Every structure is written in structure tokens, then in C-alpha cells.
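The values are calculated or read from the model by the stated rules, or taken from the named source; none is laboratory data. This one's a predicted model, so the numbers in the text were calculated from it and none came from an experiment. FYI the Cβ positions are ideal-geometry reconstructions off the backbone, even for glycines, and counts take in every protein chain you see.
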């Protein structure tokens with residue numbers, strides 16, 4: 001279901017917030033940049049967009065490291081209260097810079113990646129499934145599994161989880177918080193880029209479409225509960241489900257509104273999100 | 001003659017503009033058990049947090065085995081061999097007991113010895129072995145305290161600092177805990193620095209003590225002498241025996 005893909009869109013943001021208590025509202029812009037990199041590789045060198053995903057991940061990971069070093073690390077000095085607001089201010093500035101650089105590099109025309117198999121459809125038991133969507137689903141599942149293994153089976157992954165729960169206690173066990181934040185930033189941006197690469201395939205991207213995806217990510221985040229990481233994919237699934245149901249009952253025009261309605265409802269009825277912290 | 005392991009020399013510590021410690025000095029020798037006691041808010045926890053690197057002293061010096069700790073990052077100080085179990089009981093609730101212990105052995109050399117250390121921890125605190133697959137948040141208060149101590153021990157510290165071992169625990173549990181700490185000390189020779197409200201038990205457990213009041217060290221001596229002192233009995237043990 002498309003909902004799982006919404007999880008992919010949101011997971012980078014959730015990771016960064018969960019670990020560093022940082023709200024990176026430029027997350028959408030990073031998603032778009034990932035899409036453009038994939039688009040570039042496809043148009044210039046005919047690299048199949050799925051093959052380019054690992055490249056996009058690597059490039060975005062490095063970008064995340066740089067952004068941390070240059071920008072995010074400055075915020076380590078703030079205690080958690082002001083950190084949230086300040087992070088939003090700084091990343092807002094980042095949006096302005098990044099979106100305009102992207103517009104300069106690639107023009108404001110919407111771009112999309114159309115491969116030879118873009119229109120193909122898989123038929124199983126008289127259900128028609130677009131190949132691209134299936135492949136994106138596959139990518140998302142791979143990401144989920146990889147992330148799960150990383151966070152649960154590696155020492156560094158566990159140190160990230162520990163830092164997310166309680167950075168002070170983690171530092172008292174010898175965990176280098178700065179380095180943990182650095183890697184978390186890299187992973188977060190890499191995940192954003194991956195989502196972007198899939199978006200370029202399924203939809204189209206413009207330098208300013210980042211905000212639209214940020215909104216989706218944000219709704220999923222609030223639905224899952226701020227600070228939760230694993231639950232994001234389930235929340236995404238739910239959102240996707242509700243959206244599909246709404247299309248069925250109300251019609252396609254209101255699809256975008258559904259997300260916002262859910263957002264407001266959650267904030268009113270259960271602001272801590274569906275899943276416990 | 002035992003060597004000095006930790007030397008804190010005349011540190012001043014501020015919380016913003018608020019001065020919390022005035023020229024606090026203390027010394028811990030190898031294998032010693034030292035207790036810091038005094039009224040609430042006197043600066044005992046602040047002292048521990050400064051040694052661990054969570055706070056920075058404005059002046060003075062802190063050396064550990066000859067190494068200067070003043071500018072070091074927290075994780076570096078842990079690497080050098082100082083562990084702290086802070087006042088705020090902070091287990092990783094979302095992780096299992098086993099994962100908590102594992103992450104305790106994050107540091108290089110500790111990680112290699114992880115299995116041996118964990119086996120020993122399970123012998124000392126069998127209940128942790130029983131509950132090793134459970135989420136840490138489901139443990140009782142006493143069990144969480146055991147987990148905290150064990151987790152700190154996993155990093156193989158040479159000096160273990162514990163802030164309020166007995167806090168919120170039933171007296172019988174506290175007694176057991178102190179007894180276990182003595183076992184640990186005897187088998188490892190680890191140096192221990194305690195901040196403790198239950199002064200009587202702490203003094204019976206320790207070699208030496210410092211009294212901290214209003215951010216300064218006001219007395220220093222052997223634990224036995226404190227236990228025998230009328231002043232100390234009136235000021236600190238009276239309160240403790242009412243618990």
C-alpha cells in the first residue's frame with residue numbers, strides 16, 4: 001500500500017527528531033534534492049533510477065554529514081527547549097537557500113523520471129499493479145529491514161537508540177554524542193534522498209515541492225507520536241489507508257485535504273500520537 | 001601506601017551565574033570507598049557531575065591517574081575509567097535489560113570483555129539474568145537500580161561514582177544493595193565514590209567521608225570517626241535513623 005511509502009518519506013525526519021530533538025523543516029527540500037540527483041543520473045547517464053538509489057543515498061549521506069558539521073552541530077549548545085524552535089528557524093533558512101539553488105540548477109519546470117517500464121503493469125489475479133509502485137514498495141521494505149538491522153543489531157545503531165532515549169545517560173557510557181548526531185544526520189538525509197528518488201519516479205518534482213512532502217512527513221510523524229521511529233511506517237500505512245478510503249467515499253479531489261484533517265484531529269484528540277513514546 | 005586515583009583541587013562550579021561549589025577539594029585513593037554527605041542541595045551531586053564532565057569547573061583542577069580531566073568530553077572521561085550512576089535514574093526504558101547491559105559495554109576494551117562481565121553481573125544480580133529479555137521500563141525500582149549499577153560496571157570503570165544508591169528503595173533492599181556493593185568492591189578492587197542520603201549505611205560501608213554543606217567541604221575524615229562523632233550523629237544520623 002502506498003502508506004508504507006509515506007513512512008519512507010517521514011522516517012528521515014523522525015530519526016533526526018528522535019535522536020537530536022531537532023525539527024528539520026528543510027527535510028522536504030532534501031527529499032527533492034534526492035529526486036533531482038536521481039533525475040540527473042538518469043538524464044545524463046541513463047542510470048536506471050533504482051540502480052541510482054544507492055548512489056543517491058551515499059551522496060545524501062555525505063551531504064547530511066556536511067550539514068551537521070556546518071549547521072546542526074552549532075545547536076548542540078542549546079538545551080532541549082530552545083533547540084526545537086531554533087532548529088526550525090535555521091532549517092527554514094536552509095529551505096530558502098536550497099530550493100533556490102535547486103531552481104537555479106534545474107529550472108522550475110517540473111521534472112519526472114519516465115523509464116521504459118514506467119507504464120507497465122503487473123497483473124495478478126485480475127488485480128493490476130503498476131510495476132513502478134511495486135518496485136518502490138520493494139525499496140521501502142528493503143529500507144525498513146536495513147534500518148531495523150542497523151538500529152537493533154549493530155552496536156552503533158544501539159548507541160543511536162540509547163542517545164535518542166537519553167543522551168546524558170548515553171554519554172556516561174562512553175558514547176560520543178557528537179559523533180552519534182553526525183551519523184544520525186547523515187542517515188536522516190540519506191533516507192530523505194531515497195524518498196526523493198522514488199518520488200521522482202512516481203510523481204514529478206519541482207524545486208518547491210519540498211514543502212508538500214514535508215507536510216506529509218509531518219502528518220505521519222504526529223500520527224506516530226513525536227520521538228517514535230519504528231512506528232512511523234505503521235502510521236504511514238494508516239495515513240495511506242485513510243486516504244484511499246476517502247478517495248473511495250468522497251472522491252479524489254479531497255485527497256490532500258484528508259491528511260490535513262487527520263493532522264488536526266490527532267492534535268485535538270490525541271496530541272501525543274497513536275503510539276506510546 | 002595506596003596511590004591517589006582521583007584528585008579534585010579547589011574547584012568552583014557555577015550554574016549560569018549561580019555559584020554552586022566553592023573551592024571543593026577531595027581525594028580518592030586506589031580501592032577506597034569514599035562517601036560525600038550533607039544536606040540536600042549542598043552540592044554533592046554537583047561535585048559528581050563535575051567530575052564526570054557533565055558540568056565544567058570554572059577554576060581548580062581535577063586529575064585522574066595523573067590525567068587532567070578539566071577540558072575533557074564526558075565520553076572521554078568515561079573512557080579514562082570513571083563511571084557515574086547519576087541521581088536521575090536513567091535506564092533506557094525502551095531497550096531490554098540485556099540491551100541496556102550491552103550498551104554499557106560500548107567502549108572498546110569493555111566491549112571485548114562484554115560476555116565475561118555480563119556473566120559476572122548475572123552472578124551478582126541474578127534477577128537481571130531472569131529479566132534480561134524484558135523491557136527495562138517494566139522492572140521494579142530496586143531492579144532498575146541494580147540495572148543502573150550493572151550497566152555502569154559493564155564499562156569496566158576504575159572509579160565508580162554513585163549518586164543516591166538508596167533513593168526511593170525499601171530499607172531491606174538498600175541493605176542488600178550495600179552488601180552486594182561490598183562484594184563487588186572486594187572482588188574487583190574498584191574505587192567507589194558515593195553520594196548518599198542514608199548516612200549510617202554509607203559510613204558503615206565506606207573508608208572515608210567528606211561533609212559538604214552550602215557548596216563547600218566542611219569536614220573530612222575516616223568513616224569510623226564520623227560514626228563515633230556526636231556532632232555527626234546529631235546532624236546526620238538522627239535524620240537517617242528516622243527513615
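A compact table of results
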| quantity | calculated |
| --- | --- |
| Selection status of residue B:87, at pLDDT below 95, within 20 Å of residue B:191 (Cα to Cα), within 14 Å of another protein chain (Cβ to nearest Cβ) and touching a strand residue (DSSP E or B) at 6+ places or on another chain (Cβ under 8 Å) | yes |
| Residue list for the range B:131-167, filter: on the phi > 0 side of the Ramachandran plot and away from every other protein chain (no Cβ under 13 Å) | B:164 |
| Subset of the range B:57-76 [more than 9 Å from chain A (Cβ to nearest Cβ) and either under 25 Å from residue B:145 (Cβ atoms) or outside any loop (DSSP other than H, G, I, E, B) (or both)] | B:57, B:58, B:59, B:60, B:61, B:62, B:63, B:64, B:67, B:68 |
| Top-ranked residue in the range B:33-56 [being touching a helix residue (DSSP H, G or I) at 6+ places or on another chain (Cβ under 7 Å), surrounded by 22 or more Cβ atoms within 10 Å (Cβ to Cβ) and more than 14 Å from every other protein chain (Cβ to nearest Cβ); ranked as nearest to residue B:192 (Cα to Cα)] | B:35 |
| Filter result for the condition that a residue is touching a helix residue (DSSP H, G or I) at 6+ places or on another chain (Cβ under 8 Å) and surrounded by fewer than 24 Cβ atoms within 10 Å (Cβ to Cβ), over A:174, A:186, A:193 | A:186 |
| Subset of the range B:94-109 [at the interface with chain A (Cβ under 9 Å from one of its Cβ atoms) and at pLDDT 90 or above] | B:95, B:99, B:100, B:102, B:103, B:104, B:105, B:106, B:107 |
| Members of the range A:141-154 found to be without any contact (Cβ under 8 Å) to a residue 60 or more places away in the chain, away from chain B (no Cβ under 14 Å) and either more than 17 Å from residue A:191 (Cα to Cα) or in contact with a helix residue (DSSP H, G or I) (Cβ under 7 Å, 6 or more places away or on another chain) (or both), listed by number | A:150 |
| Evaluation of residue B:151 against (1) surrounded by fewer than 16 Cβ atoms within 10 Å (Cβ to Cβ); (2) in contact (Cβ under 8 Å) with a residue 60 or more places away in the chain (one fails), failing number | (1) |
| Condition check for residue A:250: crowded, with 16+ Cβ neighbours inside 10 Å and more than 12 Å from the chain's Cα centre (by Cα) | no |
| Breaking point among (1) over 19 Å from residue B:80 (Cα atoms); (2) in contact (Cβ under 8 Å) with a residue 24 or more places away in the chain; (3) more than 12 Å from every other protein chain (Cβ to nearest Cβ), for residue B:113 | (1) |
| Cβ-Cβ under 8 Å pairs, at least 6 apart or on other chains, the range A:95-117 side farther than 25 Å from residue A:132 by Cβ, far side at pLDDT 80 or above and assigned to a loop (DSSP other than H, G, I, E, B) | A:95/A:25; A:95/A:26; A:98/A:26; A:99/A:207; A:99/A:208; A:100/A:207; A:103/A:207; A:103/A:208 |
| Condition check for residue B:76: over 23 Å from residue B:108 (Cβ atoms) and surrounded by fewer than 22 Cβ atoms within 10 Å (Cβ to Cβ) | no |
| Only listed residue being over 13 Å from the mean Cα position of the chain (by Cα), under 21 Å from residue B:65 (Cα atoms) and surrounded by fewer than 23 Cβ atoms within 10 Å (Cβ to Cβ), chosen from B:208, B:182 | B:208 |
| Inter-residue pairs, beta-carbon under 6 Å, first more than 7 Å from chain B (Cβ to nearest Cβ) and more than 22 Å from residue B:160 (Cβ to Cβ) and in the range A:155-176, second in a loop (DSSP other than H, G, I, E, B) and at pLDDT 95 or above, 6+ apart | none |
| Any hit, the range A:228-245, residues being touching a helix residue (DSSP H, G or I) at 6+ places or on another chain (Cβ under 6 Å), farther than 26 Å from residue A:66 by Cβ, within 14 Å of chain B (Cβ to nearest Cβ) and not in a helix (DSSP H, G or I) | yes |
| Residue match in the range A:122-131 (condition: in contact with a strand residue (DSSP E or B) (Cβ under 8 Å, 6 or more places away or on another chain), part of a helix (DSSP H, G or I) and modelled with pLDDT under 90) | yes |
